Structure formats: C-alpha cells, structure tokens
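Notes follow once the structure below has been shown.
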Amino acid sequence: MKRPTASEKGHACYSRAVPPSRIVKRPPSERKRLPPALEAFARGDEQALRRRPERTIDRGRLHDDRPAGLIPGVRNRDARAVYDARVVRLRDAVAGRPAQDAALVQGLIEAIELRLWRARNVTGPSAFVEQVVGIARSEVDALLGARKFERLDDVFIATWLGAEAALLESDPRATVTTRIMEDRRELVLTVSSDHATQALASLGRRLGRLGPPKKL
C-alpha cells in the first residue's frame, strides 16, 4: 500500500538550498607563517627538523659572536694589555700602603666595575684581589666598606677598555678613569703630550667599530 506524501496529507513541504562554501584566499602578508624549520621541511629539506637552531648571544646593545671572546666588544689582546697594566699599578699601591690607599681604593673599584678578571680568565673578584693583586679580602672589605658597585653595560666597558688599550700602546703610563658629571658618566683620558697625537689616532681606529657613542 502506497503511503501518502506530505502534500497529500495537507502539510506544506519546504526545502532550503544550502549555498556553497566560499573560499577566501588571504594575501601573503596576512597569512600566518610556519616556523622556518617547517617551511624548509615542506620545501623538501628532510634534515630541517633535525638541525639545531643557531644560538643568538644576547649581550645587550653590543653584538659580539666570538666563541672565545673574553670581554664583549674588546679584542682579547687589548683586554689583557689593560689587565696587566692595572695589575702592576694595583700591586704598587699595595706595596706603598698606607700612603697609596687612595690609589688602591680607586683601582679596586674600577677593576670590580669593569669585571677586569675576565681578561685573564680569573674566576672572580675574590680570586683576583687575593691571588693576583695580593691583598686579603678582609682588607679589601675594610677599605671599600659598604660601597655599592654599579654594573656597567657592555658598550661602556668596551669603550673604556678599548680606549685604555689604545693609549697604552703609545704611552705606558696613560690612564682612563670615569666620573659622574651632573646626569651622565664620563671617561677621563690622561696621556702624555709627547704621545697624544699617536694615541688619539689609535683611539679613533679602535673605537670606530663600536658605532655611534651611546648616551649614558
């Protein structure tokens, strides 16, 4: 027996057409990119997912990717030259105590803020003052008291050490120190007038690779 249809029963029968789905193709600038390794794998590089990503060494504003660099932005030879000259002065100050206490304090403060021990791979400040300079840590603590040391950034340290190394090449008694004037830190260069022209020319060559000076 034939079953009556919906229209035969008196009921209305409606149907609604479903519109076809619309594919929107976004421009390349709006597409979400895959990680570089996945993109390389999709292009056929089968080793892309196994390859270790290159490490980027973050050293603040100064780029230095040398694997064996002792101090960022400073040639190892320059760092060692400054280290050696300063150690001689510090030892002379220790030998001349107490008359040389002021020079000793200043030299220790600068060595600590520059983290100078890195230039000869010394393990830290305690080993530097006791084993290299030749003064007990307790005496250093008594001399320096509760002084708080400023952590200088890589650019300033590289500028300081580069300048000092350049001056020492021309004048073994040249010095570079720092001072705070109003709201900025300045470098103070001292060099003999007999060697000034040569020393300043060397200074310009050394520091040119650091780019424009940074306001401190």
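One table, with the values for the structure above:
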{"item": "Scattering curve values for segment 76-209, log₁₀ I(q)/I(0), Debye with Cα scatterers, q = 0.12, 0.19 Å⁻¹", "result": "-0.48, -1.18"}
{"item": "Added length on full extension, which subtracts the Cα-Cα distance from 0.36 nm per residue, Met181 to Ala42", "result": "44.2 nm"}
{"item": "Calculated from backbone phi, Karplus (6.51, -1.76, 1.60) coupling profile of segment 132-142 in Hz, x at Gly/Pro", "result": "9, 6, x, 9, 5, 4, 5, 5, 4, 4, 5"}
{"item": "Relative contact order (%) - criterion: Cα under 8 Å, at least six apart; region: segment 78-177", "result": "33 percent"}
{"item": "Zone residues, segment 132-169, relative to Gln198, backbone N less than 18 Å from point 7 Å out along Cα-to-Cβ", "result": "163-169"}
{"item": "Euclidean distance between Cα centres, segment 141-158 to segment 168-204, Å", "result": "20 Å"}
{"item": "Amide H contacts of Thr178 (H built 1.01 Å from N, under 5 Å, at least 5 apart or other chain)", "result": "Val188"}
{"item": "Leading residue at positive end of dipole, segment 76-209 (Cβ point charges), from Val176, Leu187, Pro125", "result": "Pro125"}
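None of the figures in this text is laboratory data; all of them are computed from the coordinates on show. Because the structure is a prediction, the values reported are computed rather than measured. Note that each Cβ is placed from the backbone with ideal geometry, even for glycine, and that neighbours are counted across all protein chains shown.
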